[in-house]
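The values are calculated or read from the model by the stated rules, or taken from the named source; none is laboratory data. All of these numbers come straight from a predicted model, not from anything done at the bench. Neighbour counts run over all protein chains shown; Cβ positions are idealised from the backbone, glycine included.
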Amino acid sequence: MRTAQVSRNTAETQITVSINLDGTGVSRLDTGVGFFDHMLDQIARHGLIDLDIQAKGDLHIDAHHTVEDVGITLGQALAKAIGDKKGIRRYGHAYVPLDEALSRVVIDFSGRPGLEWQVPFTRAMIGEFDVDLAHEFFQGLVNHAAITVHVDNLRGDNAHHQCETVFKAFGRALRAAAERDPRMGEVIPSTKGSL
């Protein structure tokens, strides 16, 4: 089982993330930000990744530090769980619709952090969730997981639907990229011999 647990404690947040890349999509999430928990659950369920994320943050200010630091901590846990990357597929992509919205996410376990983000949200807030925080979450995640992620919301009128398709597509693409390829054996999928 490819598992990891990482804790991050700062003056702003206290976060513990446990991940099982070979799980069944079970999640236990408590960030104090309801909509964010709903989005993290999409990653777990559609990625078939077991996630336990417990976070306490300075929500009396706003959700920024909590959401960003969960991204950082989840990225660290993902990097630890994936290990040396021997035998993984490396690349993954997914298109996910939700009613009128459609998003595409493409992932490369490249060893190089990079985020391309093209998500033109139709409004600034989803309930009490600032849509800018979705970008902050993914930026923290890719920086600390050392992966390349392209996120494109191709269409959508409802910001909730736009955001949900992004998180679902990320889960599906992550599942595909992290999956073991039996034809690869113990080979690292790179001509350089390392990722």
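Out of the residues in the range 136-154 meeting the condition of being in a helix (DSSP H, G or I) and of a type in the set (A, V, I, L, M, F, W, C), tell me which one is surrounded by the fewest Cβ atoms within 10 Å (Cβ to Cβ).
Phe138
Scan the range 104-128 for residues that are out of contact with any His (no Cβ under 9 Å at 6 or more places or on another chain) and not acidic (Asp, Glu) and jot them down.
Once the filter is applied, which keeps residues that are out of contact with any His (no Cβ under 9 Å at 6 or more places or on another chain) and not acidic (Asp, Glu), the range 104-128 yields Phe109, Ser110, Gly111, Arg112, Pro120, Phe121, Thr122, Arg123, Ala124, Met125.
Anything in the range 177-195 that is among the small types (Gly, Ala, Ser) and either assigned to a loop (DSSP other than H, G, I, E, B) or surrounded by fewer than 16 Cβ atoms within 10 Å (Cβ to Cβ) (or both)? List them, or say none.
Gly185, Ser190, Gly193, Ser194
Kindly indicate which of Gly47, Gly32, Gly57 is surrounded by fewer than 17 Cβ atoms within 10 Å (Cβ to Cβ) and among the small types (Gly, Ala, Ser).
Gly32
Scan the range 2-12 and give yes if some residue there is surrounded by 20 or more Cβ atoms within 10 Å (Cβ to Cβ), within 18 Å of Ile147 (Cβ to Cβ) and in contact with a strand residue (DSSP E or B) (Cβ under 8 Å, 6 or more places away or on another chain), otherwise no.
Checking the range 2-12: at least one residue is surrounded by 20 or more Cβ atoms within 10 Å (Cβ to Cβ), within 18 Å of Ile147 (Cβ to Cβ) and in contact with a strand residue (DSSP E or B) (Cβ under 8 Å, 6 or more places away or on another chain).
Considering only residues of the range 106-124 that are part of a strand (DSSP E or B) and not charged (D, E, K, R), which is surrounded by the fewest Cβ atoms within 10 Å (Cβ to Cβ)?
Gln118
If only one of Lys80, Lys86 is touching an Asp or Glu at 6+ places or on another chain (Cβ under 6 Å), more than 26 Å from Asp152 (Cβ to Cβ) and in contact (Cβ under 8 Å) with a residue 60 or more places away in the chain, which one is it?
Lys86
Of everything in the range 1-33 that's in a loop (DSSP other than H, G, I, E, B) and aliphatic (A, V, I, L, M), which residue is nearest to Asp52 (Cα to Cα)?
Across the range 1-33, the extreme among qualifying residues is Val26.
Condition test on Phe138, is it under 26 Å from Thr3 (Cβ atoms) and modelled with pLDDT of 95 or more?
In short, yes.
So which residues in the range 62-101 are assigned to a strand (DSSP E or B) and either at pLDDT below 95 or among the aliphatic types (A, V, I, L, M) (or both), if there are any at all?
Passing the criteria: Ile88, Ala94, Val96, Leu98, Ala101.
Could you check the range 165-188 and list, in sequence order, the residues that are within 20 Å of Thr24 (Cα to Cα) and among the charged types (D, E, K, R)?
Lys168, Arg172, Arg175, Glu179, Arg180, Asp181
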